[in-house]
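The values are calculated or read from the model by the stated rules, or taken from the named source; none is laboratory data. Treat the numbers as computed from the prediction; the structure is a model and nothing was measured. With ideal geometry, Cβ positions are generated from the backbone for all residues, glycine too; neighbour counts draw on all protein chains shown.
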Amino acid sequence: MADITAELVSVERSLWSGQASIVTAETTEGEIGVLPGHEPVIGQLIDNGVVTIHPVDGARRVAAVQGGFLSVTQDKITVLADWAIWSDEVDEAKAEEDSSSAHELTKSRGEAALRALRRAAKAE
């Protein structure tokens, strides 16, 4: 099966780099699934989105993201997020609390974290 080079990077750290069979991300134009050979595209990530990576040699990874962009070429996808966290790093109680915050950025990140947890749970 063909694969695509994928990279997920936030402003604070590099979360993942490797070969994937598919990467999905939520953009301002809707959810996009990127397979090997995808047409080149640039997209803007939504503020409380989820990125899912299906590595060729491992279990599916789900991340919550806050803003940023994705860039797709025929053999590579780069997701550059303003903020990102793996679903298995999320403190669910804190995310619940954050999602009720009056501070818009905190609220959006809490919502994204909870969405990532739900998406990760669907695969189990």
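When residues of segment 20-39 are filtered for being touching a residue at least 24 places away in the same chain (Cβ under 8 Å) and either farther than 13 Å from Phe69 by Cα or not hydrophobic (A, V, I, L, M, F, W, C) (or both), how many remain?
13
Mind checking which residues of segment 96-120 are within 12 Å of Asn48 (Cα to Cα) and either loosely packed, with under 14 Cβ neighbours inside 10 Å or not basic (Lys, Arg) (or both)? Don't jump to the end; show me each part of the working.
Start the filter on segment 96-120 by keeping residues that are within 12 Å of Asn48 (Cα to Cα), which leaves 99, 104-116.
Result: Ser99, Glu104, Leu105, Thr106, Ser108, Gly110, Glu111, Ala112, Ala113, Leu114, Ala116.
Identify all residues within segment 52-79 that are aliphatic (A, V, I, L, M) and assigned to a strand (DSSP E or B); write none if there are none.
Residues of segment 52-79 that are aliphatic (A, V, I, L, M), as a first pass: 53, 56, 59, 62-65, 70, 72, 77, 79.
Selection gives Ile53, Val62, Ala63, Ala64, Val65, Leu70, Val72, Ile77, Val79.
Here are Asp82, Asp88, Asp47: which of them is in contact (Cβ under 8 Å) with a residue 24 or more places away in the chain, touching a strand residue (DSSP E or B) at 6+ places or on another chain (Cβ under 6 Å) and not in a strand (DSSP E or B)?
On the way: Asp82 fails: not in a strand (DSSP E or B); Asp88 fails: touching a strand residue (DSSP E or B) at 6+ places or on another chain (Cβ under 6 Å).
Answer to the selection: Asp47.
Checking Ser17 against (1) surrounded by fewer than 19 Cβ atoms within 10 Å (Cβ to Cβ); (2) in contact (Cβ under 8 Å) with a residue 60 or more places away in the chain; (3) part of a strand (DSSP E or B), which single condition isn't satisfied?
(2)
Looking at Ala95, Ala121, can you tell me which residue is farther than 17 Å from Gly68 by Cβ, in contact with a Gly (Cβ under 9 Å, 6 or more places away or on another chain) and part of a helix (DSSP H, G or I)? Outline the logic, then answer.
On the way: Ala121 fails: in contact with a Gly (Cβ under 9 Å, 6 or more places away or on another chain).
On inspection, the qualifying residue turns out to be Ala95.
Which count do you get for residues in segment 20-36 that are assigned to a strand (DSSP E or B), closer than 13 Å to Val56 by Cβ and of a type outside the set (A, V, I, L, M, F, W, C)? Steps first, answer last, please.
Filtering segment 20-36 for residues assigned to a strand (DSSP E or B) gives 20-27, 30-34.
Next cut, closer than 13 Å to Val56 by Cβ only: 20-23.
Still in the list and also of a type outside the set (A, V, I, L, M, F, W, C): 21.
Count: 1.
Condition check: at pLDDT 95 or above and surrounded by fewer than 17 Cβ atoms within 10 Å (Cβ to Cβ). Does Lys76 satisfy that?
Values: at pLDDT 95 or above: yes; surrounded by fewer than 17 Cβ atoms within 10 Å (Cβ to Cβ): yes.
Yes; evaluated as a whole, the condition is true for this residue.
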